[in-house]
Every structure is written in structure tokens, then in C-alpha cells.
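J.: This structure is in C-alpha cells; I'll ask about it shortly.
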Amino acid sequence: MVEHFFLGSSIFLILLILISLIRVVGGPTVGDRILGGNVVGTKTTVLLLLIGILYEDLGMFVDIAIAYALLNFIATLGATKYFLRRGGVDKMLDDVITRHEDASADASKGGSS
Amino acid sequence: MTIVVSIFILGGLFFFAIGVLGILRFPDFYSRLHAAGKSDSLAAVLVIAGVALYNLQDLSLDNLLVSLKIMLIAVFIYVASPTATHALTKTALILGFEPWEKGNKRR
Amino acid sequence: MWLFCSYLLLYCIERHTYTDIQHFYKLGLLLMKAKIATFTIMLIFWVIMSGMFDAFHFSLGVLCCMLVAYISSDLLFLDKGQPWLRELAGMLLYLPYLFWQIVIANLQVAYIALHPRMLDKIDPHLFRFDSSLKRPISKVALAQSITLTPGTITVNIHDNQFAVYALTKEAAEALPGEMERRVAKALEFE
């Protein structure tokens, strides 16, 4: 009975992974693809634990899950750092945020008047 | 005990489903980050806590150590998930993805 | 074996900080404390991770932990002599509130994601606010908490300015409020 429950949960998780692959394959921007990869990685970490219960060898699969969680985090950070290599990021960000703030302030003023 | 474990795991699967649904439905990259970063971390921690409780059913030193390791994964996910979200937002702003505003159609 | 290992550790520490102790006695003592604390934390990690208690594996762990503590104890304890016990207590008091906020955030995301007319519900925009927090660790704690709580994501911390991306108007107006006060109570001492 309990095995069936864990098997069902694993199959549901695999379905969710397949659905979130839509964002990885067809996401309109680069960020969507990185985000999709991150989400799939988190689900895989949990899926490894469930597989460990199904094989009744949790001690081994926990180590694999830890390694996978670390790799997932490092991969996301590396993929984002690839775009942030140039200097002066803080100043650029300030400019971008100021532009967006001005735009939204204009929009709200236009909407109220 | 089995009931508590199944409640934890079902709750985790529910929030995973919410996260995937949010990723598919939200109109732009930044709101997708909201869905992914929040629901994924809570869902993962719920399922992981369920697995750790299930592992503790027959208590021994080995099982205790394995459960401690599993909770270590949970703590790590809690530290790592906001950091990854933060890095992604920063990158997206630098690359100049336009946020969605009221009245635009979804992308 | 035990005696030998602890003696070796003490020898390493003493030789490394010998000149420090001569010139700055207090600083050397703090360095030694940091090294011993790093060693203890690393050893606890090793025991949890390996799960084997026979002499060979355990001595291997002690050796690795000593190497790590010898080389990089200044990574874990950045400031000299910071009150990390009180920090730990403050974080433990702060965590239940944070967890409750996370649950609320998830329910809100679920409500918005399941709503049929979702585009009417959300109104995303960027804004900035100034924070009065001084220490780097409390700034980081506040940033992570903002990311995990309802409808907001931290984008950048520049000096004292937090740039935040909010999903709804109500979430934007709630900052900085309750959460900053709680973080200040938990982690700001000076």
C-alpha cells in the first residue's frame, strides 16, 4: 500500500518535470530556460529521495540527492554569472531601476488624471 | 504516522503542481520567478520532511543519521533557492527584459 | 589516537599564531578560537555525512577537518570576535515567523495562479526603499526573507538601498515594515 503511494507520487513528479520542460524548450527568453532548468533540478532532487524509498536503499540515494542539489545551485549561478561578467553592474542596475520607476510613476499619473 | 507522512508528501506535490502551473500561466519572466522561487522551496521542503519522517519509523542510529542528512538538503534548498532567484532577477534586469505592465498582452 | 590528533591540532594552531600571540595577544587568541570552532563544526558535518565510526574513516575525517581549519578558518568567522551565539539565538527566534510568512506567500501564489482572470489580479512594478540595517549579515537575512515572503523579490542591495520587485500593490506597501523590525531585533546588537 505504502509502496503504491510512493510510486504514484514519483510518477506525478515525473509528469510535472515533463510539463516544466515546455518552458525549457520553448521559453521566449534565455532567463525562462535557466529558470526551467532550476525548477527541474529541484524536482529531481526530491524524485531521487522517493526512488531511494522505492529501492529501500535511502542511505545511498541521499548522497546522490545532496550532490544533485549542490550541482543544481552551482549550475544556475554559473549560467547567470555568465551574463554578469562585465564591470559596473551596480551602476547599470541603478540606471535600469530608475528608468522603470519613472515609467511606472508616469503611468500611474496618466491613469489618475 | 503513515497519515502524517502522506499529508506532508501530498501537500508538497500540490505546491509543486502550483509552481509548474504558475510557470506556465504567468505573463512575464519576473512573475514566473515569483511562482517558481516560492512554491518550489516550500514544496521541496515538505516532501523532504515527509521522507525523513518515513525513514524514522524504525528508529536506529543509521536511520537517524540518514534523516539528519535529508534535513540538511532541506536547509540547503532554503538557503539556495532565494539566492538563485535573486541572481536570475539581476541578470534579467541587466539583459533588459521588459517587465509586463497592465494592458499588455501576455508573452 | 585521540590524544595524538588533538596534540597535533594544538601544535598547528600554536605554531601558526605564535608571532601573533607575541605581538597581539588578544588577536591570536581570537584566531585560535575561530580555528577550534571551525574544526568542531567541520567534524560534526563529517560525522553526519559519513556515518561510519571505525578508526580509519574517523581519523581521515579528523585530518581533513584540521587541514580545512588550518587553511580557511577566516572564511567562516569573518569579523573578529562577533557574538555568533547570540546571532544563532536571534535566528532561532526569528525562524517561526519567517516560516509562517512563507506559508502565507505560497497560499497567495496558489490563489493567484489558480484564479481564472489572473491578469487582473497582478500589477507588477519595481521600487526602492532605504533600510536602517547596519550589519551585512542582517541585510542578507532581510533580502532572503523578502524573497521568500508574499509577492516580493529582492533585486539588488546597493549600500543601504534595497531594490524590490513586487507582484501586487499591497505587497509593495507592506515594505519595509514588520519584517525589518523583526530582523533588527534578531540580529542588530550594536
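J.: Which shape class, rounded, prolate or oblate, goes with the range A:2-85 when its Cα gyration tensor gives a ≥ b ≥ c as root eigenvalues, a/c under 1.5 marks rounded, and past that a/b bigger than b/c marks prolate?
T.: Values: a/c = 5.75, a/b = 1.64, b/c = 3.51.
Note, shape of the range A:2-85 comes out oblate.
J.: Averaged across the residues of A:28-36, what count of C-beta atoms belonging to other chains lies within 10 Å of each residue's C-beta?
T.: So the per-residue partner count for this stretch is 6.
J.: I need the peptides A:26-33, B:69-76, C:150-157 ranked by packing, meaning the mean over residues of other C-beta atoms within 10 angstrom, with the highest value on top.
T.: Details: A:26-33: 16.4, B:69-76: 18.0, C:150-157: 23.1.
Descending packing order for the listed peptides: C:150-157, B:69-76, A:26-33.
J.: Here's a follow-up. Under unit Cβ charges (Lys, Arg +1; Asp, Glu -1), what dipole magnitude, rounded to 20 debye, does the range C:84-187 have relative to its Cα centre? Intermediate results must be reported in sequence, preceding the final value.
T.: Details: 11 positive and 9 negative charges, 54 e Å.
For the range C:84-187, the charge dipole is close to 260 debye.
J.: Which of C:129, B:8 has the fewest other C-beta atoms within 10 Å, and how do the rest follow up to the most?
T.: Working: C:129 13, B:8 20.
With the fewest neighbours first, C:129, B:8 line up as C:129, B:8.
J.: How many nm separate the modelled label positions at residue B:59 and residue C:64, each set 7 Å beyond the Cα in the direction of the Cβ?
T.: My value for the distance between the label points is 3.0 nm.
J.: Suppose only helical runs count, i.e. DSSP H with n ≥ 4. What mean residue ellipticity at 222 nm does that imply for chain B under -39500 (n - 2.57) per run, divided by all residues and rounded to the nearest 500 deg cm²/dmol? List each step's numbers first, then the result.
T.: Values: 3 runs with 86 residues, N = 107.
The per-residue figure over chain B is -29000 deg cm²/dmol.
J.: Sticking with this structure for a sec: Which of the peptides B:77-84, A:37-44 is most tightly packed, and how do the rest follow, judged by the mean count of other Cβ atoms within 10 Å per residue? Show your work: numbers first, answer last.
T.: Values: B:77-84: 20.4, A:37-44: 22.0.
The densest-packed peptide leads the list: A:37-44, B:77-84.
J.: Cut-off is 10 Å between beta-carbons; in what order do A:100, C:158 appear when sorted fewest neighbours first? Display every interim value, and only then the final one.
T.: Numbers: A:100 19, C:158 15.
Going from least to most buried by this count: C:158, A:100.
J.: Using only atoms on other chains, find how many Cβ atoms lie within 10 Å of each Cβ of peptide A:73-85 and report the average. Could you put the intermediate results ahead of the total?
T.: Numbers: counts 8, 2, 1, 7, 5, 1, 4, 10, 2, 1, 6, 5, 0.
Mean inter-chain Cβ contacts per residue within 10 Å come to 4.
J.: Take C:125, A:4 and order them by how many other Cβ atoms sit within 10 Å, fewest up front.
T.: Numbers: C:125 22, A:4 8.
So the residues, fewest neighbours to most, are A:4, C:125.
J.: Over 22 Å between Cα atoms: which of B:38/C:139; A:91/B:90; C:134/C:185; B:69/C:139 fall into that group?
T.: Values: B:38/C:139 20 Å; A:91/B:90 12 Å; C:134/C:185 12 Å; B:69/C:139 29 Å.
Going by Cα-Cα distance, B:69/C:139 fall outside the 22 Å limit.
J.: Inside 10 Å of the C-beta atoms of B:63-70, what's the mean count of C-beta atoms belonging to other chains?
T.: Per-residue shielding by partner chains comes out at 5.
J.: Continuing with the same structure: May I ask you to derive the relative contact order of the range B:2-95, considering only C-alpha pairs under 8 Å and at least 6 residues apart, and to give it as an integer percent?
T.: On the way: 86 pairs, mean separation 28.0, N = 94.
Once divided by the residue count of the range B:2-95, the mean separation gives 30 percent.
Laboratory data are not the source of any read-out in this text; all were calculated from the coordinates shown. Quantities reported herein were computed from a predicted structural model and do not represent experimental measurements. With ideal geometry, Cβ positions are generated from the backbone for all residues, glycine too; neighbour counts draw on all protein chains shown.
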